[in-house]
Amino acid sequence: MIPMSDPKRVMYDVIDPVTNKSIRWIDIGPIIRRSKEILEDFHPPTTTQFKSLNALQKMTFSLQKLQSGQKKEPKMMYEMTFDDYFQHWEELMTRAAEWLMHSEQFYGLPEHERVRAFWCILGFKIGQNATKCIRMNSVHSSAFWSIFELPIVSKCFKMIILNFFKIIWAVWRRVERNSLSAKIFGQRCLDEKLQLISDDMVMQFDNFEVDMTEISGKSMKEYRRFMRKHLHLYFDIVVRPCLEWNFTNTEINFALSQIVWNYASRKLLGQTLQASDAFLSEISENLHEYYRNEMRLKNYAPRLAVLMEMVNGVLKVQAEHERTLEMGFLFDMVNVVVSEPAFFSV
């Protein structure tokens, strides 16, 4: 039996109806509620100034705004309960959602046949009636926005957006946290392995523990060792180049966008790949203009090469990370049942 959700808790003891044994149930419904609301209702600014920005500038504007509350001297944390650590994901989920909503291509994700494919990828099925959406040729037309007033179309697009979000939010969080940590702490970030938990908390990666006793299964120690190994690589893949090249906010947003859309296009099908190609092509042109007009670089090839090396490095580590996650659940290294498995598949 699944208990009623408590907004202050994510973990409960429940009885497995098959084995009749007690297991841990992780209900992430409460912490993704705000993200769902953003994905359904949020619209970017409508000011003339914002509309004049190009695609890459809009993403940069969004992330700078979301990170504006970061403290320069956050409190050092050495340990945390699983419930407490999990709660910090709520804020990062909402930030990932709002950042995505500043991309016009994100609004223009594909409709009916792709929806069914998305849900199948995530382990769900939907009925034929829930996939009847209207094809739009351009997200720039006023008709695009009015289409959301149609209930069946609105529901369909909301499902697409939510599932895109489920797939990318975790990798977004890791890159955003590490790049911001490099910006806040400089060389200390690399030397001491510092990583921001929230606006007012930081951890030293090698000296921080999340108490996972309640969800430990067989070989949990081995599982955690593999997981930490993957996450530790972000200091070399993301933090080090950020420090050595002093990448700007615009460059970080370019890399973050490349990672998110390349990762999503590998997971999803059909026009998602087309939307990805269109968006990445646009921001590549935007970055070219930024290098030439704002940074006034005659030869920016070395900087771009390092950025793309970061992108490919993250995608490679992410693939290894997913295989470890699959192994953990397959061999019962983690003794939990999750309300939204897709959020734990990345």
The one condition in (1) in a loop (DSSP other than H, G, I, E, B); (2) over 19 Å from GLN187 (Cβ atoms); (3) hydrophobic (A, V, I, L, M, F, W, C) that PHE247 fails to fulfil = (2)
Of the listed residues (GLN64, GLN57, GLN49), the one being at pLDDT 80 or above, open to solvent by 100 Å² or more (accessible area, probe 1.4 Å) and part of a helix (DSSP H, G or I) is GLN49
Identity of the residue in the range 265-294, open to solvent by less than 60 Å² (accessible area, probe 1.4 Å) and among the aliphatic types (A, V, I, L, M), that ends up farthest from the chain's Cα centre (by Cα) | LEU287
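Here is a yes/no grid of residues against (1) within 16 Å of the chain's Cα centre (by Cα); (2) of a type in the set (Ser, Thr, Tyr); (3) at pLDDT 70 or above:
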position	(1), (2), (3)
TYR300	no, yes, yes
ALA305	no, no, yes
MET308	no, no, yes
LEU315	yes, no, yes
ALA319	yes, no, yes
LEU330	no, no, no
VAL338	no, no, no
PRO341	yes, no, no
Any residue in the range 175-198 that is at pLDDT 95 or above and closer than 20 Å to ARG323 by Cα?
-> yes
Can you confirm whether the range 300-313 contains a residue that is buried (at least 23 other Cβ atoms within 10 Å of the Cβ), part of a helix (DSSP H, G or I) and touching a residue at least 40 places away in the same chain (Cβ under 8 Å)?
-> yes
Output for Cβ contacts, cut-off 7 Å, separation at least six or different chains, first residue open to solvent by 20 Å² or more (accessible area, probe 1.4 Å) in the range 19-41, second basic (Lys, Arg) and in a helix (DSSP H, G or I), reads GLU40/LYS158
Within the range 235-263, how many residues turn out to be of a type in the set (Phe, Trp, Tyr), farther than 15 Å from ARG303 by Cβ and surrounded by fewer than 23 Cβ atoms within 10 Å (Cβ to Cβ)?
-> 2
Go through the residues of the range 266-284 one by one and say whether even a single one is β-branched (Val, Ile, Thr) and touching a Lys or Arg at 6+ places or on another chain (Cβ under 8 Å).
-> yes
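The values are calculated or read from the model by the stated rules, or taken from the named source; none is laboratory data. The shown structure was predicted, so the numbers you read here are calculated from the model rather than taken from an experiment. Neighbour counts are summed over all protein chains in view; Cβ atoms, including those assigned to glycine, are modelled from backbone coordinates with ideal geometry. Calculation scope for accessible area: heavy atoms of the full protein, side chains included, ligands and nucleic acids excluded. Shrake-Rupley method; radii C 1.70, N 1.55, O 1.52, S 1.80 Å.
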